[in-house]
């Protein structure tokens, strides 16, 4: 497990990731036929990157401004600050999500419409809530995470 503050520092290998996102205000989202409002706060979204370019390409995509939403998380990245990502080469998104089982699920089904194991791939990270020790160690080992500007040099 490593923490990456930019796509450039992310391995190009396949694997799994958890985006650390911050909403400064509420955000209305849709999951299928369900509309919901996410409150301001920090979130962790678990995903996988198995295609060409691996983790680096997928994180770069999440950091770019999007023209249209392709995945549930695109609704969130459009309105949130991306603070970085916890990545695991050859990792499994459901295993990352399971490691966050103590964190609440804000919207059932968010990011997991193609998953039979998880109720959602989005977790609310309340202030004061601890992450698993290997996640905290990865974050502390990385340079101080700063919000990334989508489209800025090093953030694309």
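Where a number appears in this text, it was derived from the coordinates with a stated rule and is not lab data. Quick caveat, the model's predicted, so the values are computed rather than measured. A quick note on method: Cβ atoms are made from the backbone with ideal geometry, for glycine too, and the neighbour counts reach across all protein chains shown.
Compute the FRET efficiency between residue 34 and residue 98 as 1/(1 + (r/R0)^6), taking r as their Cβ-Cβ distance and R0 = 22 Å, and round to the nearest 0.05.
Once the sixth-power term is evaluated, E becomes 0.40.
Which one is right for this structure if percent of Cα pairs over 23 Å apart is calculated from it: [x] 51; [y] 36; [z] 29?
Working out percent of Cα pairs over 23 Å apart from the coordinates points to [z].
Calculate the FRET efficiency for residue 117 and residue 57 from the Cβ-Cβ distance with a Förster distance of 22 Å, rounded to the nearest 0.05.
Given R0 = 22 Å and the Cβ-Cβ separation, E is 0.35.
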